[in-house]
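Okay, structure first, notes after.
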């Protein structure tokens, strides 16, 4: 199964990098929002340190949903999704592969946006690089797995661009809230400890629960 | 269930509620710290219990529907979710009225309140999603999975007061605190009102379930007529 997930992952990554539709759109969107933030409040004030995490993760949630939205739509032309489903690839491998691909795309957006945010708003986010990577990985996985599952649910809907955010955002709030809190802590150069570790637990627990649920239920969603 | 049973249950719940109202206002005294407003808790807590029960029923019915490919389960799930969502809003509204009087504000973003709100949003999303899918078996599968996913937010709402330090009061019922926290007469009143609301809920869910079944039948006939 892992081998098949890997194949789906490579296929998705290759398709995306040939067209670069979603990733370009998502990056452009993220950068525009980054600039918009500077009008919403005084970008030079100290206050911004307290909302860094919130801003960044709202940004990643928005651009992330733009990315995951494409992952099943991509398969709609020429009935590729049906062909994938009748092939030997199990639905769970399809989900895992697509989630990994989406994780990579979200990570790429982050690789661009984090330094740009640091530069524009004069906040060094890289004082705890290991923590930053860990948080980004865990929270982006949460966006990717839930986003991909819900993208599979909404792929046939007329209003899927609208419906996907409506059902994804309420559901990923726990992961986003945890990521926001933790990012706020590392943005001032501290390491999460003591009471703050509950956010790490929440993030890990969220990922474990929803990954299990998603892999268990994806057959029901996709297989007719 | 036939009309007579439903009517009898409805009348029973109405009588039970009237009797509860009498006890609440005529027999039980004002609470020492909060005064008269504490009585809203006799509706606030049971509403949440009712909505949790509805969402649990909806999740179980959805799982059953998917497992057995049973459309009745799907109809039951949507009936339970709709009634549950109504009680969610009652719970939110009664909580807000209480908060305005005790805290002086309508709303605060603590974990309990926030997750209660998220729960309302996710189940509202479930109902919206149902309207968008035309194929009945796809609707059953997709929204069934969504209902199971959504139940996680119910669990978080329930446990939020244990996991975070919330402005929302902690547990008061003796099965969670071990007793000694709430006056037994008042605590029993909370349960009594919950039973009454559950009776009402059964009536509402069954009515809605029948409507949903009829709707599905009409849909099926329409499809048959168009394909001929």
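Its DSSP H runs of at least 4 residues, each contributing -39,500 (n - 2.57), put the calculated 222 nm mean residue ellipticity of chain B at -27500 deg cm²/dmol, to the nearest 500. What the pair-distance distribution of segment B:110-153 shows, using all Cα-Cα distances binned every 5 Å from zero, is 5, 23, 28, 18, 12, 7, 4, 2 percent. Of all the options A:68, A:188, A:86, the one that moves most in a Gaussian network model of chain A with Cα springs shorter than 10 angstrom is A:86.
Taking a quarter of the surface of the Cα convex hull of segment A:2-222, what do you get in nm²?
That works out to 12.2 nm².
Angle of helix A:21-40 to the longest C-alpha principal axis of chain A, folded into 0 to 90 degrees and rounded to 10: 30°.
Using only Cα atoms, tell me the angle between helix B:136-163 and the longest principal axis of chain B; keep it within 0 to 90° and round to the nearest 10. Roughly 10 degrees, rounded to the nearest 10. Under a Gaussian network description of chain B, with springs only between Cα atoms under 10 Å, the residue in B:46, B:29, B:169 that fluctuates furthest is B:169.
Every helix of 4 or more DSSP H residues in chain A counts as -39500 (n - 2.57), and over all residues that averages to -28500 deg cm²/dmol at 222 nm. Angle of helix A:48-73 to the longest C-alpha principal axis of chain A, folded into 0 to 90 degrees and rounded to 10: 10°. Packing-based ranking of A:151-157, A:15-21, B:88-94 yields A:151-157, B:88-94, A:15-21, ordered from highest to lowest mean Cβ neighbour count within 10 Å. Result for chain B in a Gaussian network model with C-alpha springs under 10 Å: among B:79, B:120, B:33, the largest mean-square fluctuation is at B:33.
The convex hull built on the alpha-carbon positions of segment B:95-228 has an orientation-averaged projected area of 10.8 nm². Taking only the C-alpha atoms of segment B:1-158, Rg followed by Dmax gives 18.2, 57 Å. Computed over segment A:87-197, the quotient of the alpha carbon radius of gyration and 2.2 N^0.38 Å is 1.24. For the pair residue A:162 and residue A:45, a Förster radius of 30 Å applied to the C-beta separation gives a FRET efficiency near 0.30, rounded to the nearest 0.05.
Projected onto planes of every orientation and averaged, the convex hull of the alpha-carbon atoms in the protein assembly as shown covers 25.8 nm².
Each reported figure results from applying straightforward, stated rules to the coordinates on display, with no laboratory input. In this text the structure is predicted, and so the values were computed from the model without any measurement. Glycine also receives a Cβ, built like all others from the backbone with ideal geometry; neighbour counts cover every protein chain displayed.
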